[in-house]
Every structure is written in C-alpha cells, then in structure tokens.
1. Once fully extended, how much extra length lies between A:A293 and A:N154, figured as 0.36 nm per residue of separation less the alpha-carbon to alpha-carbon distance?
2. Given the Cα-Cα distance of A:I458 and A:E377 and 0.36 nm per residue of separation, how much length would full extension add, in nm?
3. Quick query: amide H of A:V102 versus all other amide H atoms, modeled in the peptide plane; which residues come in under 5 Å with a sequence gap of 5 or more or a different chain?
4. For the range A:530-538, in order, what is each residue's ³J(HN,Hα) by Karplus, 6.51 cos²θ - 1.76 cosθ + 1.60 with θ = phi - 60°, in whole Hz (x at glycine and Pro)?
5. Give, as ranges by residue number, the residues of the range B:291-326 whose backbone N falls under 18 Å from the point 7 Å along Cα→Cβ of B:T283.
6. Which loop-located trypsin sites (Lys or Arg not before Pro) does the range A:349-406 contain, where loop means any DSSP state but H, G, I, E or B and the Cβ has at most 12 other Cβ atoms within 10 Å?
7. Using a 7 Å offset from the Cα along the Cα-to-Cβ direction at both B:D292 and A:A132, what is the distance between the two label points in nm, to one decimal?
8. Starting from the range A:476-575, pick out the GluC sites (Glu not before Pro) whose DSSP state is loop and whose Cβ has at most 13 other Cβ atoms within 10 Å.
Amino acid sequence: MDKIKDQPFIDRVDGVQKVTGTAKYSAEYDFPGMVYGVLATSNVTKGTITAMDTKPAENAPGVLAVITHLNCPELPGYKNLPDQSKLADIKKGYRVFYDNIVRFNGQPIAIVVADTFERATYAASLIKAAYAKETFNTDIDVAEKSGKALEGNNFKEYVRGEANAWKNAAVKIEAEYKMPIEVHNPMEIHAITVNWESDTKLTMYEKTQALSSTQQSVMRAFGLKQENIRIITQFIGGAFGSAFNTWPHSMAALMAGKKVGKPLKLMITRNQMFNLVGYRPQAIQKMSMGASADGKLVGITHDATAMTASYNEFTEGIVNASRSLYNCPNVNTTYKVYPLDLSQPTWMRGPGETTGAFALESAMDELAYAAKIDPIEFRLLNYAETDLEDKKPYSSKFLKECYQLGADKIKWSARNPEPRSMKEGDWLIGYGTGSGIFSAWRGAAKVGARLLPDGSLILASGVTDMGPGTATAMTQLASETLGLHPRDIKFEMGDTNLPPGPMQGGSGTTSTLGTAVHNVCQSIKKKLADLVKDNPMFHTEIVHEVKVDDLLFENGFMMLKTDKSKKISYADVIKNAGLKEIELQEDSPGNPMANHSAFSYAVHFVKVMVHSRTGVVKIARCVSAVDAGKIVNQKTAESQIVGAVVGGIGMSLMEEGIIDHRYGRWVNNNFADYHVAVNADVPEIEVLFVNKPDPVLNPMGSKGMGEVGIVGFAAAVCNAIFHATGKRIREIPVTPDKLI
Amino acid sequence: MINFEYIRASSVKAAVEALAKNPTGGFIAGGTNLIDLMKRGVTAPTRLIDINNLPLKQVEETSAGLHIGALAINSEVSANDLVKNNYPLLSMAFAAGASAQLRNMATVGGNMMQKTRCSYFYDTAMPCNKRQPGSGCGALQGHNRMHAIFGASDKCIAVHPSDMCVALAALNATVTVSGPKGERKILFTDFHRLPGDKPELDNTLQKGEIITGVIIPKNTFNKNHYLKIRDRASYAFALISVAAALEVSGDTIKKASLAMGGVAHKPWRLTEAEKFLVGKTATKENFSKAADLAIKGAKGYGHNNFKLKMAPIAIVEALMIATGIA
Amino acid sequence: MDNNCKNEGRRDFLKKSTALAALAVASPALVKAGENDEKIAALFEKIPLNIEVNGKAFSLSVEPRTTLLDFIREQLHLFGTKKGCDYGQCGACTVHVDGERINSCLSLAVMNEGKKITTIEGLANGEELHPMQKAFIKHDGFQCGYCTPGQIMSAVACINEGHANSRDEVREFMSGNICRCGAYPNIVDAIMQTKKEGSTHD
C-alpha cells in the first residue's frame, strides 16, 4: 500500500464521473413517463394580471396542465401566511402563482406541462395575459434621488472613534466607486426533477447548496412530513450563491408535478438565470479617507448604496471590510438600500466583502499614491493586530505573510511606482494590488461513519458540492486522521436521507464538516483502541491496557507507537470482535468563537497590459497569496483560488448586468451579451498559501477560502490599470471604451 | 418553437422551388443563427428547407478569382491554403469570429444572412422595427453601446455582426444568387443594405432567392490586417473591427481598401479614406488623416459615443499593423 | 377541434387585452405561425432519423424542431452532453459530428441524418479513460464538472485540428467553452500534456 504521508493531496474522488459524463445533475434523472415543465413569464414590470388566456396552451399538442394564479393549488404554506394587508411590501415576499401581482419583469405567470420539452416550450409561448400596469422604477440612480431607503437595524450608521475624522487628516481622498449588477451564471442552468410518489410523499432532485433548508421550505409549503420529502443533489454544476433559496421555478415544478401525477423535469432558461435565481446587487460607494503625512490612517468613511427587490429585504456586509481590515481608529459607515421593481438579489461569491473591497482597496491605493507611499508599505503601516470592531484578538492572522509572499513572487519592488512609466512595445504595463478579507467560521454538522469488515470506511453527510471538492477534502481528511488509503474511503453526500450536513457555502463547509469528519474518525480510533485494549499483543511491561494515545493508525493498521511491528489491521479488529461493522455518528457543534475574531485573507497582485492606443486590457499575470489556515488539499484549494480570480477578471473587465429602465427588462440576459471571462482572457495564475494552521477555529487548522479569492481582486486590477495608464477607473467593468 | 415542416433539398433548383411553395418557410444551412432566433420566437418559419446537401461547398481559384460556395464551412475556408496565402484578410476575419465550434457549423452564405445581435431585436417583448415593423426602435433611446454610428435611421440603429462580411466587403467580392427568375450577381457592398425606412430588410436578396457563393477577385494587396476590438479576448462581437488591405510599393500606397464592422447596418466601406491614401506614403500621419476622413458623418446615440473616438484609433491601428509600422 | 373557433377566441382576447395596453407574451411571428400550427403538427409531427451515436446506430423518429442536444439528452438519455445556454454561447453541449466539434444546441437532430456523433460517453475505451480525460483529472481541469464534457470534447478536437501548438493558441481555440468555475489554466495544462504525449483521436 502507498504511504499516504508521501502524497500531499489526492485527485478529486469524483473526477472519473465528471470526465466521463456520468456525474448526475438535477435535470439528468430519467423516469418512465417523464413530463416537462416550462415557465411563461410576465412582460410587464409592475401591476396586476387582469385576465389570462391559457386555452391555446392547454389545447396545444401534448399539454397536460397549465397552472397560473387562477388555478394554483391551495398550499398549506400559502394559506398560513400572515395577513398580507398588515405587512410592509418588503415583508410580503413573493410566492409564485399566489396572487395576480406582478413585481418584476419576467416573473413566472404560468407553468405549462407537456409530454416533451419541445411541446411544453411551444405551449408556454402561447400563454397570454392582460395587465393593469403600474408605474415602476428599476433604476438605483432614480431611487437615490427620489426614493426612500429601507429602515431598520441593518441600516444603522456605524461609528468607531470620531465620525468623518478623515477631514482633518494631512492627506485625504474622496472618491465614488460604482459597480453594476453581476450574475452568478453557473454553467448548470438551475433545474429540478420532481417525483411525487403519493400526494404526501416525494423525491426531488434539486440544485441546492443547502439540502436541509430546502427540505424545510418544501415541508412548510406543502404541509408535508419531513421524512416524506427526500431531496437528492448528487452534483451541482456551479452555483456561487445562487442555489440557497427555494426559487419560484422549483415551487412551480413541485406544484405541477403533483397536479399531473407524473415525474416532472424543469430546467429554466439561460435568460431566466438572470432574474429567477438572484444576482449580486448594484452598488455605489463613496469612500472618504485620510492619513497622516507618515502614512497612518486617520479616518475611513464608507457610504454604500445598494438595491434590493420591492418584496425582499436583501442586505450584505458591503461596509464590513472597511471596519476590520486596517488599524484605523476612526471609522464610520453607512449602508443604504433602495427597493426596486426588480427580482431579488442574493448572495454571490464573497457577498458584501467583494463589493466593499473594490471600493476600499481602490481607495487605499489612491490614498497611498496621495501620501507618496508604496501601496504595500502603506498597508503594512496600518496593519491591524487586533480586531478593532469586535475588540477581540484574531484566532490567527497571516496577512503580513501574504503581502510578503505575493510581493516577492511578482517582484513588486522592481516596479517603477510612477504611473505610466512602464512599457512593453505598444503596451503600457502596470502592477496593482488589492487585499481580501472574509469571515472564517464553523457551524454544526452531523456525519455518519461506518468502518466495514474489510477495513474500508464509508462517511455520509447530507451536504452538497457545487465544485470546491468537498467529498475529496473530506476523504483526504479522513484518510489522514484515520490512517486509511483514500481509495478505501467513500464519502456519501447529497441526500436528505443521510445525517444532516451543513450547507455548501459561506466559506464554512470544510471547517464545519471537516470538524465532524475529524471527530468521527477520532471516535473510530477510540473505538478500535477499545476493542484491542485486552489484546496481549499490545501489552508491554509498562502498559497492560492499551489506550488510543499509545497507538499509531496507519495504512489500515493500528500499531504500537513504541513497537510498530506489533500491529493489527482494522479489518481484523472488527472480525476478532465479532462485529458486523463499526458504526458511529458524530454530532459536531459549531464553534461560537466567543474570544476570537477569525478571518481568511488574500492579497492579490496583478500585472496588466493596457494597449496604449486601443485601450484593450490584458491581464498578464496574477499572483494571489492566501491565508486560509492549514490547507487540506493543495490541488483543489489552488483550483478554488484560481477560479475565484477568474471570476475577479470577469468582474473587473467585463461583467455588467444591464436593465432597460424604460421597460424594466434585462437587455443582456445571455452569455453573448453578458460577458464572463473565456479561456483567452486568463493568464497563468499563481496561488501561494501561507498554509499555517489556525489553532482555534477547528481541529484541522483550516479557514475558509471559497470567497476570499475574489475579494479585493477587482481593486487590484483597477490599481494596476492606474499604474499602467495614470487613469483612475472607478467604475467597473473596465471595458476598452473607458481607456481611450 | 413551433413545429415545422422539414425537407431536404437535393439541388439549388429544388430548394428554390420548395421555398416558392411555402413563402413562410426558409432555408437552413449551419443553423447557428436561425435556430437561435427560432428558440426565442423572433422568427417562426413553418417550413425549413435543409440545403446542406447542395453542391455548394467548393473553395477554388478560378479565372475570376476565388470562388467560395455558399455552403463552405467557415473553419474550412479559414484554414484553406488558397485563402491563407492569397486572401489572408479573409482568413484573419474568420479566425476573429465566434468560436471554433460555431465556425465548424457556420457556412459562408449563412454568415452573410446573420441577423443583427441587437437586444431589442432578440427580445420579443420589446419594440423593434426590424422584427416588427412599426413597433419602434428600442435601441434609439435605449442601450445602444453596440450600435451603429454610420448610416443608421431613426427606425433602426442596429449593426451587422459579421466579421467575414467586413473582409469580403474590403476585398470587393461579388455574391452569386439563384432564384425563381434565374441567377444573378450582386456586388458584396450592395448585398447588405442600410435600414432607412425598411429595417426589416437586411439585404437586397429578392423574394425566393438563395445565395450560391461569393467570388473574390484576384488582388494585389500585400499588406493586410483584420483588427477586432471587443470586450473580451475572444468569442465576442466587435465593438469596432477594421479590415485593411493595402498594396504598398516601397513606401507608397498604390491601392487601399478599408471596411469597418460594428459601426453600421452593413459592412462599412471607408471610401474617402481609401481615396486619400492612394499615392500617399504609409505613415502614421497619413493613416490618421485617412481615419479623420473616414469618421466624417458618424453619429453617436449615447452609449455608443465612444465609437466616434475608437473608430479612428482602430483604423490607424489596423493600418499600422498591416504595414508593419506598429 | 374547430380551429376557427379557437382563433376567434384568441382574437377576441387580444382585442380585449389591447384595450388594457397589454402585449402578448408570444411574438407576433409566433402568433401568426401558430394559427397554422395545428395542421402542421398533424402532418409533420415526426420524421425518420438514422444516426450513429458513439458507434451505435439508431433508427427512430423525431420532431424536426428537436435539437441534437435535446435528442441526445432526452431521447437517448445520454446526459453527459450538457445544456449550458441553449443558444450557442457557452460550449457545454459540444459533441463531435463526423469528427468535428460543434455546438449540439444549434443543430437540429434531423440535420444529422447519416452522421456519426461522438459524445463524452463515447470517448473512453471501456474502462480505459481517454488520455484527455486522464489529463483533466490529473491537472484538475474542472471544479463543478458541468462544462467538463464539452471542454473535453472540444479539447480533443482542438488537438486533432492542429490548434494546440502553444498555450496561447489553445487558449484562443478553447474560448468557445466557458468554465464559470475558472479552471482555464488547468484545462490548458491538460491539453498541452495530452498533446505532448501524442495521439488523441476519438
């Protein structure tokens, strides 16, 4: 058997499935008699549906059912709503087909079910509705001028020290940064397959990052018993935050599947991906910052304005990074959110921080230049040794190491800091940096473990994986903790019938689930030790009852630390004990982190090339140095940061959701018009991990990394563009027209 | 998508006859644009005549020049040695368009028949005179970053999205067509039209006609470049593109042919700039003067105002790269 | 059913809704075409198709409007080929038709009469993975795995076409396959290695 310790990381355990096309996503289950659901959507932005004509659709070939608000089945979850008339609009929410109110353009107004996808699609196009239209606003600029921002605890001003202290600083800057709506756009279009086994029992194959909460919401809506709802999510084709909610299309599919009594599949369209499954809200941020002549921050004022839907109060921590990233005594932040007549936003990779760090890290660069201090030097001068917001020490913080690692790698000191001073042929060269911060945390999770008579291990948890490689990381962790070869470990996931796992997201999955896996492996070791405590083989002159600490667990064997020749395989232990298997379940609580603040950090260094005449920007090189604690699997961890950086390239150079505010409709809701980075946009991306364990958060010493890899990246690009051209671009994406 | 009648045509004549029998039908070749439009309900032919079996795939040198059949596949034409060696501008334009997969599907005739990518044309819930005459132009006062700066009308400011067509316009190609009234030839620069009062018409094909091929006359252009400026490095439509073909002897420009993409309802020939350049030396100054002439009469509509600045830059850049000055 | 009555009903309805300043969801082109649809559907519901997929010959009937992608997924139940946009804008549906890579979402199944299709399921030789599949695993050329079949089919073709002579060339010729997880550098690594090690034909 190979020695595991020589193998620092393993290939993805689901790699073969993914490269052979056998990995199953939510629209890829096949049942006899499968029918297809397709949504018809509104083409007005706000108002009420006054009449509908569904006859042509109902009479079209192959159509089995049409559901609208007029014939929507009575759902217990809909009936139990609080009295709508007493709620503020924002609290009313939106429930598909519940009423005739249109809240956003492209809102589902009907689901059509037919025996083939083609027939359902055609029939859906025949649905007609008449509307009483109302005036609407989808424009944040208009809302800012004449609208009313939301009120409540989420929107209170934060003041630390003195507000607006920047005004009295020796060096100061004021600038406004704008970013548009961005859309997750995972490659897998959101899809669901539902199979009602009876009126009270179903199995659904759903694209969800959170099995448990999806199960809860279906349970409430349909008044079902939890044990009668099985959700299977074997694979998720990317999500980036778009698959936490139980979205309207899923509810529609559930209703329709129940009505027709046949297995039903619904995949929304790429167009609908832009307004049915969330997006990152547009934001306008004003940064006012001041520093002393010797480069110490005096004050940061961060005023953020963002948007949400009229029916959903979505908030995120846009201003948080400004409170915690630097050692600044005086910080005040405001956060205004305006409800618009659009579909609802949701969390998207690095929610809040990604938006906030674009402004903060751009402004830090501006202030560094204003103070004539190197941008990295400036950050080091203002290094926070404790969390000034929470007034707690850090569980671990290796941000300084990130600055150092990254700066060395890209040869930061060799750059001429003068803007527009470096050239290669017709291309202006610029180097820029930006930092990222994201909360590290650990929640509660359950994991089941079975050590089988052949010595192999099955782990099981109701978590899903949208791509980071959770099963791989958990296999590796179990392999290292229990001393088993990865091929002898199977990690089962993606099924509510398994012990409830954590959600996949928020950069907490590995920390949360890994703790449970670590603990269950430790429990198995204890159990194994217990089973051999009377085994004379392990008895020495000193030790007559062997304990777990006296033993090593390697390659499927337990052996005496002091004499490795005395060993027995796990399989033999189970056999000798006359057991069928060892089965355990670990209930791992979260870590409330009462005495520490915990964050992951990233420092991005970017080399850009800007064509001196056409304004075309090429990202020539990226170096990202990351403090994500101890790395569980170097290979998948690197991929995750590379992927976040690629997202950052899209965010900084091309991604922009556009609404025509006259109609309230999306203008570029497809991959030809909403550009995400393609292969040719992406250079070599070097990822450096500090790879030092966090001693507090979890037993592995890991912190999160899914989000932090994109936080601060767009600022690094804009700062590099400034260095290359002398032009400060404060509105992303930086398309060529902004640089000519 | 509605269901439709599907038939395969075995000859050009049969194809033309099949269309004549069902005027709400259409031809399908590569399908890369038509199927997309049908999925979105922009167009709904009730009969599709599959013309892929017609013998129109040739790429051959004739006495008149290079003859390319209407059904020649984009990637094959692009990689053809005759094209690469003698008409490098065309090869470059192909390489700049779409993706490898789409270039394996798209035909030369289909490329010419592409519809605009204007969002208002594609979204059936928004006004568009091209899709639904009389409904208004959504782009005129809407999001028009990608739209025309030359030759637009108050009915339509859409642009033609092709790269290939820009090169063919610069190379003085001719289109051969066949129809109920027989065969005829159309100058490539006359094939696509400006929107005027009839933006629903993209080109000058007569009812029932089919494109059979293009002929590119032999040329003496020894300096060629196709420059495409876009929002990402590949797989994106042009903000601006420039096809530049020059015959330069010593330092002197003997012939010049220039066309732009992303600026008009058709590939936009820069005739004033061409005239200016002939007899001049190939210098950046002369290229700039030519670009200034080229941009006369251009008009921005708001979001696309940047094109007024980007267009001359692109023209100069393409000429500099073509002549090796850059 | 009497078509005329139905159309009358729709017209009445449209009149009514016009009064309310409403727009029909369907485009005018569709509404117009739809008036003939019943007849057309009756006449041309399905037509025969002979096609070879992954070495297996199929003779069956399909609606003309069924795309090659939907045919492969929903009728042959080969779900390895993915729907990522359905408009030819992402490459997730890439398959080989007679050895050439295409976007199967923009091809009608009936247009592929007599053709040989290879999907991701047909790439490996039994249990033995294709070198490109192995290289994708080794270089971690994917995360969520959804674009992966399309990437791999495209990558194999990229080498066969002779478009893998440099990293830059690969990047350009692989730009028709979007990967939102951002595995591009690893995908290029996988292709360069496979190219270096030789033969890739499917």
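The values are calculated or read from the model by the stated rules, or taken from the named source; none is laboratory data. Everything numeric in this text was worked out from a predicted model, so none of it was measured. Cβ placement follows ideal geometry from the backbone for every residue including glycine, while neighbour counts extend to all protein chains displayed. Heavy atoms of the whole protein, side chains included, go into the accessibility calculation; ligands, DNA and RNA do not. Shrake-Rupley method; radii C 1.70, N 1.55, O 1.52, S 1.80 Å.
1. Contour length minus the Cα-Cα distance gives 46.5 nm.
2. Between A:I458 and A:E377, full extension yields an extra 24.2 nm.
3. Here the answer is A:G47, A:T48, A:I49, since their amide H atoms fall under 5 Å of that of A:V102.
4. Per-residue couplings from phi come out as 4, 5, 10, 4, 9, 5, x, 4, 8 Hz.
5. Residues B:291-293, B:316-317, B:319-321, B:323-326 fall inside that zone.
6. Here the trypsin sites (Lys or Arg not before Pro) that fit, given the DSSP loop and packing criteria, are A:K372, A:K391.
7. 6.2 nm
8. Those satisfying the criteria are A:E541, A:E545.
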